[in-house]
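Have a look at the structure that comes next, please.
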Amino acid sequence: MIRVMLVDDHAVLRDGLRSILEIEEDLEVVGEAVSGDEVLAIAAQCAPDVILMDINLPGKNGVEVTALLKQQYPDCKILVLTTYDHDEYFLASLRAGADGYLLKDATSQQVVDAIRTVYQGHSIIHPSMTKKLVAYHQQRPQAKTDEQELTEREKEVLLALLNGLSNKEIAKQLYISDKTVKIHISKIFKKLNVKSRSQAVIYAVQHKLVPFS
C-alpha cells in the first residue's frame, strides 16, 4: 500500500484527489495539509510515502516545504502538482529535491501513474516542462564542469533518463540488464553530485552533457 499525503489549500481539489486515489487498491490517503507551515507536523504524524505538493500555499510555499521535507525525510517522495508552468518554479522545485513535476491539466490516470512512478524511485516530469527546460538552456553558453567525464554508455543512460524511461525500458533499449542500469545510474549520480533522477536531468540540460533533439 502506497501512503499518500495531499498538500493543497483548495478543499475541492483535495476532495477530488482523495476520491480518485481511494478507488485504487494500492493507494491510501493518510493525511492532508492546507498550508506550508503545517506540512512537516502532519507528515511526521502520518508518515507518507508520497506527498502531492502544490506550489502556491499559505505560509511557506511548496518549494520551501519540499526542501525542508527532503532534509528531514529524504526517503519521502514528493510529486509537485501545480498550475504553474513557469521555468523558475519548475527548476526551483527540482533543485529542492522534488521527485516529479506535473501540471494540474494532467488526467486522473496520469496522476495515479505518477504517484506509482515516483514511489518506485523514478522521476516524472510533465512533457511540456521538459521541452521548455531544454529550449531554455540550449540558448545559454555551455558551462564548464568539474565532474569526472561520463562514459559513452553513461551518456546514453542519462539521455534515457531525460526521456523519462524506467530502468526496465532503459535496459531493453540498450540491451543490458536492469542491474547494469542501476550501476550506471549510481555512477552518474556520483559523478554529477546529484541525489535524484530529476536533479540529474536538470544538471544534464544545464551543462549540455548529452545531445538533445
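We did not get these values from a lab; they are worked out from the coordinates using the rules stated. All of these numbers come straight from a predicted model, not from anything done at the bench. Glycine gets a Cβ as well: all are built from the backbone with ideal geometry, and neighbour counts include every protein chain shown.
So what is the relative contact order for the stretch 2-127, in percent, with contacts set as C-alpha pairs under 8 Å and at least six apart? If you can, show how the numbers build up before the last one.
Working: 226 pairs, mean separation 27.5, N = 126.
Contact order relative to length: 22 percent.
How many Å³ per residue does the convex hull of the Cα positions in the chain occupy?
123
Could you tell me the extents of the stretch 140-206's C-alpha atoms along the three principal axes, largest first, rounded to whole Å?
34, 21, 20
Once you list every other residue whose beta carbon is under 12 Å from the beta carbon of I55, what net charge do they have if Lys and Arg are +1 and Asp and Glu are -1?
Working: positive: K60, K104; negative: D8, D9, D54, E64, D85, E88.
After counting each charged neighbour, the total is -4.
I need D75, D9 ordered by Cβ neighbour count within 10 Å, fewest first.
Exposure proxy ranking, most exposed first: D75, D9.
Moving on. Report the net charge of residues surrounding H126, where surrounding means a beta-carbon distance below 9 angstrom and charges are Lys +1, Arg +1, Asp -1, Glu -1.
-2
Can you sort E154, E169 so the residue with the fewest Cβ neighbours within 10 Å comes first?
So the ranking, lowest neighbour count to highest, is E169, E154.
A further question on this structure: Got a sec? How would K208, K191, K168 order by Cβ neighbour count within 10 Å, fewest to most? Can you show the working numbers first?
Working: K208 16, K191 19, K168 10.
Going from least to most buried by this count: K168, K208, K191.
Return the long-range amide H neighbours of I125 (sequence gap of 5 or more, or a different chain), with a cut-off of under 5 Å between placed amide H atoms.
Excluding prolines and chain starts, which carry no amide H, the hits are Y101.
Continuing with the same structure: Length gain on complete extension for the stretch L13 to T151, per 0.36 nm per residue less the alpha carbon to alpha carbon distance?
Stretched fully, the L13-T151 segment lengthens by 45.2 nm.
Let me ask another. Name the long-range amide H neighbours of K104: under 5 Å, sequence gap of 5 or more, or other chain; modelled H, no Pro or chain starts.
T82, T83
Given springs between every Cα pair under 10 Å in a Gaussian network model of the chain, which of I55, I176, I185 has the largest fluctuation?
I176
Given a Förster distance of 45 angstrom, what is the FRET efficiency for F189 paired with A41, based on the Cβ-Cβ distance and rounded to 0.05? Present the calculation step by step, with values, prior to reporting the outcome.
On the way: r = 31 Å, r/R0 = 0.69.
It comes out at approximately 0.90.
Which pairs in the list K104/K191; K172/K208; K60/K190; K155/K179; K168/K208; K70/K172 are over 23 Å apart, alpha-carbon to alpha-carbon?
K104/K191; K172/K208; K60/K190; K168/K208; K70/K172
Once you place label points 7 Å from the Cα toward the Cβ at I20 and Q173, how far apart are they in nm?
Between I20 and Q173, the label points sit 2.6 nm apart.
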